[in-house]
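Accompanying notes for the structure given below.
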Amino acid sequence: MMANSTTSSDAARLVTPTMLVLWLVLATVPLWITRIGLYPYLGIEILIWSLYALAFNLVLGTAGLPSFGHGAYFGIGAYAFGLCQFDIVANLWVCLAAAAVVAGIAGALVALFISHRRGIYYAFMTIAFGQIFWTLAIKSHSVTGGEDGLLKISRLPADFGLVSFDLTDNVAFYYFVLAVFAVGTAILWRLVHSPYGRVVAAIRQSEVRAAHLGYNVWLYKASVFTLSAALSGFSGGLFAMAQLAAFPDVMSLHQSGYVVMMTLVGGGLVSFWGPVIGVFLFLTARDVIGALTNAWMLYFGLLFMAIVLFRPEGIAGALSAAVQQHSINALRRRGTSAMRLLVGGGR
Amino acid sequence: MSMIEAAGVHVRFGDRVVLESVDLAVGEGEFHGVMGPNGAGKTTFFNVLTGRVKPSRGSIRLGGEDVTGLSPHRIAAKGIARSFQIMTLFDEFSARDNVMMGLPAFRARGLDIARAAAGDRRLTDQATETLSGVGLADKGDIRAKDLSYGDRRALEIAVALAQAPRVLCLDEPTSGLGSDGVQRLAALVARLKGKLTIVAIEHDMEFLFSLADRISVIHWGQVVARGTPHELQQNEWVRRSNLGKFA
Ligand SMILES: Nc1ncnc2c1ncn2[C@@H]1O[C@H](COP(=O)(O)OP(=O)(O)OP(=O)(O)O)[C@@H](O)[C@H]1O
Ligand SMILES: [Mg+2]
């Protein structure tokens, strides 16, 4: 799926033309965003959630594993970032690393229990573990601040030894997050197109075949989940900086559902960039439609349903289909993958 | 010494015994046919050979080494490859990428996250060569799911061959093929014959009797007859059950 929407020369690149154009366009955002009635903070949110959704899509899109409790790792990363700066050391790099490591450990623990499964059982278990982490976050009042959240997290300066950048201003922080996003997308692109990424994609298509070709399916499934959790946690660390706090609500089942919706709407099952498209649509819809009506989620929900029903390959898939002028039939066949994920097909 | 040897293999699912006690020894370079009625347990026996099903009794030896109960990926790495009765390909991948996944050199790099998978000439060439071997030389770029049924059957075998296996297990390779397809496959298998140890489950008697060195008939969970195609045609059990009627 993913291989088809990219040419093989792109797959071998570290930085692709699409990537460059995207980074450049994103770099201009602070110059005009206030003129269209929006604000730099929305840009920050979009970038952070995009990184999170791309990390999530390693599991959903690349590995074909339905994880519906991924908010847990995003949230754990946010708490880890805050606690690190309060209790260990107020250094940006150390605390971002802590966010990734702690979420990665949580992910690895869960992966131990779920990686022999797929389909609906896998989904249930990710939900169950997600709920456990969410409950722990709410109940551990002394550590996490419970429902009130962990407040007074600060945007630590980005210290490069000789120079140090203050990130308290939203535009400065936007550019910092953009730099991280650029590095993150390059790394993820390479990961997805590495031998490891190809094996994971092969396992999505047939666990049985992959095992009989000599691949330790369990190991790949467990490691990709762990990597995804770590990167989600890293994004959560950035989110704690953005919000100046960490709250349990991102860990809830329904917010875990957001990242699934974003990824599917955008077309994460067929395109590397699908999750980014989905996040962009979701968060701008929240702000633009949300300014007009409180029921914006209703409209987004309808869009989600329409996509699942008529364009299961998501917006990226529809776009690439329009470009490549695929036959309607090819699309239909491809589209079933969203449903297959849930029922655990793919021998 | 046999290349692959099964002794007293017993498999039950719940309280249903599928294999009572199966013995099979296949010499190096031998083409060994397996036949038997539907539901006799032939595929289950392959699943035991390749690690998918753990037998409750009995043992499997590969080149003298005990491999009983090892997981599928371990057994594959030791050199047993298989094709599937129900085709099992990486449908979204190109034919070449399907074959690439089978190459031991690719498998050795499986945990590499830092390099790009595409663009390794050596691996691509190896995959292309394997594809030519099964007559798919010019179809490497086509997605597996867009190939014709016959080409998919051929790809199924190419992926197994890419593993450079010591033993190749084919589960009903002619199933669903028309007579042209069967001939093409017979020609392919005839070329492999002698170079590779092959165990093939097959319902197509003409195919099996013309190619196999020896044939085992599995029924009621055990081998009820075994011999060269010629011997089997004389066998009382085979005659009675009409399996040898075409001869
Ligand atoms: N995992 C399993 N659990 C329970 N029963 C099984 C399982 N696998 C196979 N069986 C049963 O074992 C019996 C033998 O099946 P098997 O697929 O080995 O037969 P076969 O000889 O390959 O038949 P065919 O010629 O139709 O391919 C069948 O009755 C089947 O239903
Ligand atoms: Mg069978």
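List of remarks:
- Once backbone amide H atoms are built at 1.01 Å from N, B:L170 has B:S83, B:V199, B:A200, B:I201 as its partners under 5 Å, excluding neighbours fewer than 5 places away on the same chain.
- Paramagnetic label zone (point 7 Å from Cα along Cα-to-C-beta, A:N91; backbone N under 19 Å) in segment A:156-171: A:156-167
- Cα pair distances exceeding 23 angstrom across segment B:146-241, given as percent: 30 percent
- Evaluated over the Cα positions of segment A:23-173, the convex hull gives a direction-averaged projected area, one quarter of its surface, of 11.3 nm².
- Applying 1/(1 + (r/R0)^6) with R0 = 35 Å to the Cβ-Cβ distance of B:A164 and A:L112 gives a FRET efficiency near 0.55.
- Calculated P(r) of chain A - Cα pairs past 32 Å, %: 27 percent
- Take each residue of peptide B:102-109, count the partner chain Cβ atoms within 10 Å of its Cβ, and average: the result is 3.
- Mean residue ellipticity (222 nm) of the protein assembly as shown, computed from DSSP H runs ≥ 4 via -39,500 (n - 2.57), nearest 500: -17000 deg cm²/dmol
- Fewest-first sequence of A:I48, A:I36 by Cβ atoms within 10 Å of each Cβ: A:I36, A:I48
- Footprinting exposure proxy for A:E313, B:E236, B:E172, B:E231 (fewest neighbouring C-beta atoms within 10 Å first): B:E236, B:E231, B:E172, A:E313
- Our Cα-only numbers for segment A:99-185 put the radius of gyration and Dmax at 18.0, 52 Å.
- Kirkwood's formula applied to the C-alpha pairs of chain B gives a hydrodynamic radius of 18.7 angstrom.
- Between 0 and 90°, nearest 10: helix B:121-133 axis offset from chain B longest Cα axis: 40 degrees
- Per-residue HN-Hα couplings for segment A:196-205 [Karplus 6.51, -1.76, 1.60; θ = phi - 60°; Hz; x = Gly/Pro]: 4, x, 5, 5, 4, 5, 5, 4, 4, 7
- Neighbour-count ranking [beta-carbon atoms within 10 angstrom, fewest first] of B:H73, A:H116, B:H203, B:H32: A:H116, B:H203, B:H73, B:H32
- 3J(HN,Hα) couplings calculated from phi for segment A:274-285 with the Karplus curve 6.51 cos²θ - 1.76 cosθ + 1.60 (θ = phi - 60°) are, in sequence order, x, x, 5, 4, x, 5, 4, 4, 4, 6, 5, 4 Hz; Gly and Pro show x.
- Residues of type lysines that A:K139 reaches as a straight line, Cα spacing below 28 Å, ignoring anything fewer than 8 places off in the same chain: A:K152
- Principal-axis tilt of helix B:179-192 within chain B, Cα atoms, nearest 10 degrees: 80 degrees
- Straight Cα distances below 21 angstrom link B:K193 to the lysines B:K78, with same-chain residues fewer than 8 positions distant left out.
- Segment A:R286-A:A27, extension gain: residue separation times 0.36 nm, minus the distance between their alpha carbons: 91.0 nm
- Binning all Cα-Cα separations of segment B:80-164 at 5 Å, short to long from zero, yields these whole-percent fractions: 3, 16, 29, 25, 16, 8, 2, 0.
- Karplus-derived 3J(HN,Hα) values for segment A:64-80, using 6.51 cos²θ - 1.76 cosθ + 1.60 with θ = phi - 60°, are x, 10, x, 9, 10, x, 6, x, 3, 6, 4, x, 4, x, 5, 5, 4 Hz; glycine and proline are entered as x.
- Semi-axis lengths (Å, descending) of the ellipsoid that matches the C-alpha gyration tensor of the protein assembly as shown: 53, 25, 21
- Amide H contacts for A:A245 (H built 1.01 Å from N in the peptide plane; partners 5 or more residues away or on another chain; cut-off under 5 Å): A:I153.
- Start at zero, step by 10 Å, and the Cα-Cα distances of segment B:30-89 spread as 20, 52, 27, 1 percent across the bins.
- Euclidean distance between Cα centres, segment B:195-211 to segment A:123-148, Å: 58 Å
- Label zone at A:I187, where the point sits 7 Å out along the Cα-to-Cβ direction: segment A:88-120 residues whose backbone N lies under 12 Å: A:96-101
- Taking every residue in A:214-222 and counting other chain Cβ atoms within 10 Å of its Cβ, the average works out to 5.
- Using a Förster distance of 25 Å, the FRET efficiency for A:H141-A:D166 (Cβ separation, nearest 0.05): 0.15
- Average other protein chain Cβ within 10 Å of Cβ, residues B:65-78: 3
- Chain B - share of DSSP beta bridges that are antiparallel (%, nearest 5): 55 percent
- Folded to 0 to 90 degrees: helix B:149-162 orientation relative to chain B principal axis, Cα: 80 degrees
- Taking amide H positions as modeled 1.01 Å from N, with prolines and chain starts lacking one, the residues under 5 Å from B:I4 and 5 or more places away or on another chain are B:V26, B:G63.
- Among beta bridges identified by DSSP and lying wholly in the protein assembly as shown, the antiparallel ones come to about 55 percent.
- The dipole here belongs to segment A:146-304: it is taken about the Cα centre, uses +1 on the Cβ of Lys and Arg and -1 on the Cβ of Asp and Glu, and is about 660 debye.
- The peptide list A:255-264, A:314-323, put in order of mean Cβ contacts within 10 Å with the highest first, becomes A:255-264, A:314-323.
Read-outs: derived from the displayed coordinates by stated rules, not from any lab. In this text, all values refer to a predicted model and were calculated from it rather than measured experimentally. Because the Cβ atoms are built from the backbone with ideal geometry, glycine has one as well, and the counts that use them run over all protein chains shown.
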